[in-house]
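Reading through the structure tokens given below for one structure.
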Amino acid sequence: MPQKMQLIGSLTSPFVRKVRIVAAEKFVDYELIVDTPWNEDSRVPEFNPLGKVPVWVQEDGKTLFDSRVIVEYLEHVSPVGHLLPKDARPRIAVKRWEALADGICDAAALVFVERKRPAGKQDPEWIARQLRKVEAGLKMMSDDLGQQNWCTGEFFCLADVAVGCALGYLEFRFPEIDWRRTHPNLSELFDRMMQRQAFKDTVPVG
Ligand code: GSF
């Protein structure tokens, strides 16, 4: 008996949020298994040897990671709510936006982890290096968005989902980074996205 598809993830991860939003926008039904990889009793390593969330479990039990692979899979299994163009050039442009947004999340997550270490063991230069990546990434996002309604122009797509998850993660974990003031166009884009039910339903908690 095939099982229901499952998403294993935490309620704070921007990468998990990206998958939750894509699944919701494409009406893909699945069971959310909440598991924080940092917890001692986390079962994530049983599904992903890299120990990271999100992990997607298909009906036949086969697992998928990372978030970029999972969203490609979701685009393939559900014929509605296309979020990834089929033609190479526009598709690559969307994946580049996703790489930029995910890269900001990677750098921010490294700061979050470093700040959980005892104060005396934290490396301020390492933190400063990661925060420079976040700031430079935000500037490129803002420059590339310009005054368009959505990241790639006319229509909402995966690029906007990834950017929205990155901005929402910064708002949640790094309130001291005032991206809304330095990049008003990103602020308008984020508020536009927050009107969508999939974004409302996945605001980071905890
Ligand atoms: C990144 C996932 C990730 O870093 C993806 O899915 O796109 N390239 C991957 N997940 C973090 C949680 S969070 O910061 O979003 C994670 O699971 N970290 C646990 C660990 O052991 O690094």
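Miscellaneous remarks
- Among Ser13, Phe27, Gly153 - extreme Cα towards positive end, dipole of the chain, charges at beta-carbon: Gly153
- Mean separation of Cα contacts under 8 Å, 6 or more apart, over the residue count of segment 47-91: relative contact order %: 22
- Which of Gln3, Ala128, Pro49, positive extreme of dipole for the chain (C-beta unit charges): Ala128
- DSSP-assigned coil residues among GluC sites (Glu not before Pro) in segment 125-175, each with at most 16 further Cβ atoms within 10 Å: Glu154
- Contour minus Cα-Cα distance for Glu59 and Lys121 (0.36 nm per residue): 17.9 nm
- Taking 0.36 nm per residue of sequence separation and removing the Cα-Cα distance, the Asn185/Asp41 pair yields an extension gain of 47.7 nm.
- About its Cα centre, segment 93-202 has a charge dipole of approximately 340 debye under the convention of +1 per Lys or Arg Cβ and -1 per Asp or Glu Cβ, with nothing else charged.
- In this structure segment 132-206 gives 48 Å² per residue of accessible area when probed at 1.4 Å with all protein chains present.
- Applying the criteria of a DSSP loop state and at most 14 other Cβ atoms within 10 Å to the GluC sites (Glu not before Pro) of segment 1-64 yields Glu40, Glu59.
- Here the label points at Asp87 and Phe174, each 7 Å from Cα along the C-beta direction, are separated by 3.5 nm in the simple model.
- The chain: Rg to Rh, with Rh as the Kirkwood radius over Cα pairs: 0.96
- Here the accessible area is traced with a 1.4 Å probe on the protein chains. For segment 19-93, carbon and sulfur cover 56 percent of it.
- Calculated from the alpha-carbon coordinates, segment 95-189 shows an Rg and a Dmax of 13.9, 49 Å respectively.
- Low-density loop cleavage sites - chymotrypsin sites (Phe, Trp or Tyr not before Pro) in segment 88-189, where at most 13 other Cβ are within 10 Å (DSSP): Phe155
- Reachable lysines, given that their alpha-carbon falls under 27 Å from the alpha-carbon of Lys52 and they are not under 8 places away in the same chain: Lys4, Lys18, Lys26, Lys62, Lys95, Lys116, Lys121, Lys133, Lys200
- Given charges at beta-carbon only (K, R positive; D, E negative), |dipole| of the chain in Debye: 300
- Excluding ligands, DNA and RNA, the accessible surface per residue across segment 5-86 is 50 Å² with a 1.4 Å probe.
The values are calculated or read from the model by the stated rules, or taken from the named source; none is laboratory data. Quick caveat, the model's predicted, so the values are computed rather than measured. Ideal geometry is used to build each Cβ from the backbone, glycine not excepted, and the neighbour counts take in all protein chains shown. These accessible areas exclude ligands, DNA and RNA; they are computed on the full protein's heavy atoms, side chains included. Shrake-Rupley method; radii C 1.70, N 1.55, O 1.52, S 1.80 Å.
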